[in-house]
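Step one of this worksheet: look at the structure below.
Every read-out reported here was derived from the displayed coordinates using simple, explicitly stated rules and does not represent laboratory data. Predicted model, so just to flag it, every value in this text is computed and none were measured. Cβ placement follows ideal geometry from the backbone for every residue including glycine, while neighbour counts extend to all protein chains displayed.
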Amino acid sequence: MSTASPAVHGLGDLSTKLAVFAMSIGAFGIGTGEFAIMGLLPNLAADMRITEPEAGHVISAYALGVVVGAPLFAIAFARAPRKPLMLWLMALFALGNFGSAMAPDYLSLIGLRFLAGLPHGAYFGIAALIAASMVDVGYRARAVGRVMLGLTIATLIGMPLATWLGQGLGWRPTFAGVGIVGALAFAMIFRFVPQVAASEGASPLRELGALKRPQVWLTLGIAAVGCGGMFSVFTYVVPLLTEVAHVPVVWVPLVLALFGVGMTLGNILGAAMADRALMPTIGGMLVFNVVSLAAIPWTAQFWATASLSVLLVGFTVAIGTALQTRLMDVAADGQTLAATLHHAAFNIGNALGALFGGMAIAAGFGWTSTGPVGAILAVGGLVLFGISLWLDRRTQRWEPLEAAPKAA
């Protein structure tokens, strides 16, 4: 499928805004579907007559789908035009959620959540490449950030709304509602996103070539290790607030909303910073992560400072768009695989943060220990970042590549 290469531009063009907004709606649906179930585990466990830890496997099944699906779709459909591929991914996500709403038993629900998770990483990777292809190089991070804004708004609005719906009507209508958002995103992508061909000469073997590049692995490592600290704290943030800061339970949702506010601000400001100075933004945000997370044992002692910490931990997501843009620069001809693996790496960070944070709590170090654990992970990310800089200087300064074939 051949497409013309139009002139690129900034984010002020109406057609670009509509296309990015359509992809952001898909991101909103995916983010809501991923996070909403966390607040509905007791409802799900009671309805399915299982324990809450067993209900938690539903979340694990979705995360496994993300990790498996990201490289699978990128390699298998390397030659596919990007808009049809995105439509298929969104259709699979919507069907997986409609199916989850109708799951007759626990095992089928596990399978359907795995199915719904498969398109997650690939969708974000393809959306990032399409968004970056529609603008000048100096606007790439901001275009990607606008798409990811749907994900951050999902934590601010979508997750509380879905949780409220689920607590009132049950978990099945929640999944059905997410499926409806997926169907809406499908229609908007079909209408507003332009046709974008795969890269000339694209093939599964060429995509796999990205894995031969040390800078790709280092960037993915920064996402998996350096960003794990956010998840270390957020996984256990409710008992941190109620048992350490003594925030009344009735106020916890309001404080948690600050996490979504922080993520939204981080997404917007981080994207703008990345367009101006990519590597300094990555390094600076890692340092910010270390400081904000290491301060948790002190800031968590009081309402006001604990609330501020929740907002600052959410702001650490600012590094995400910068890392996505970095992958576009270092992946050469394997950008689709690298872009999709970015979100798989974040899910690995989710697992690492929750695991090590839980180990520290179980060892008797208390709820505040999740902050220093997260800071240690961020230091690990800084080490990988330093190695990446060293390789850059050793080999030659890399030049930014075009993020993707231009949209038609």
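Some values worked out for this structure:
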| quantity | calculated |
| --- | --- |
| Cα-centred dipole magnitude for the range 38-149, charges only on beta-carbon of K, R (+1) and D, E (-1), debye, nearest 20 | 600 debye |
| In nm, spacing of pseudo-spin labels at residue 254 and residue 108 (7 Å Cα→C-beta vector) | 4.3 nm |
| Long-range HN-HN contacts of residue 170 with modeled amide H, under 5 Å | none |
| 234, 356 arranged by Cβ crowding within 10 Å, fewest neighbours leading | 356, 234 |
| Sorted by Cβ neighbour density within 10 Å, fewest at the top, the residues 230, 279 | 279, 230 |
| For the range 297-312, 3J(HN,Hα) per residue [Karplus equation, 6.51 cos²θ - 1.76 cosθ + 1.60, θ = phi - 60°, Hz, x = Gly/Pro] | x, 8, 5, 6, 7, 9, 3, 5, 6, 5, 5, 4, 5, 4, 5, 5 |
| Karplus-derived HN-Hα couplings along the range 175-188 (A = 6.51, B = -1.76, C = 1.60, θ = phi - 60°), whole Hz, x at Gly and Pro | 5, 4, x, 5, x, 5, 4, x, 5, 4, 4, 4, 5, 6 |
| Rg(Cα)/(2.2 N^0.38 Å) for the range 8-198, N = residue count | 1.03 |
| Under-5 Å amide H pairs with residue 135, H placed in peptide plane, nonlocal only | 9 |
| Fewest-first ranking of 212, 83, using other Cβ atoms within 10 Å as the exposure measure | 212, 83 |
| Within a Gaussian network of the chain (alpha carbon springs, distance under 10 Å), most fluctuating of 57, 120, 343 | 57 |
| Listed residues 217, 251, 303, most fluctuating in the chain (Gaussian network, C-alpha, under 10 Å) | 251 |
| CD proxy at 222 nm, helix term only [per DSSP H run n ≥ 4: -39500 (n - 2.57); per residue of the chain; nearest 500] | -24000 deg cm²/dmol |
| Distance histogram for the range 223-276 (every C-alpha pair counted, 10 angstrom bins, percent rounded to whole numbers) | 20, 42, 28, 9, 1 |
| Net length gained if the chain between residue 261 and residue 79 were fully extended (0.36 nm per residue, minus Cα distance) | 61.7 nm |
| Summed residue charge, Cβ within 13 Å of residue 268's Cβ, Lys/Arg positive, Asp/Glu negative | +1 |
| Phi to ³J(HN,Hα) by Karplus 6.51 cos²θ - 1.76 cosθ + 1.60 over the range 243-259, Hz, x for Gly, Pro | 9, 9, 7, 6, 6, x, 3, 5, 9, 4, x, 5, 5, 5, 4, 5, 4 |
| Shape of the chain, Cα gyration tensor, a/c cut at 1.5 | oblate |
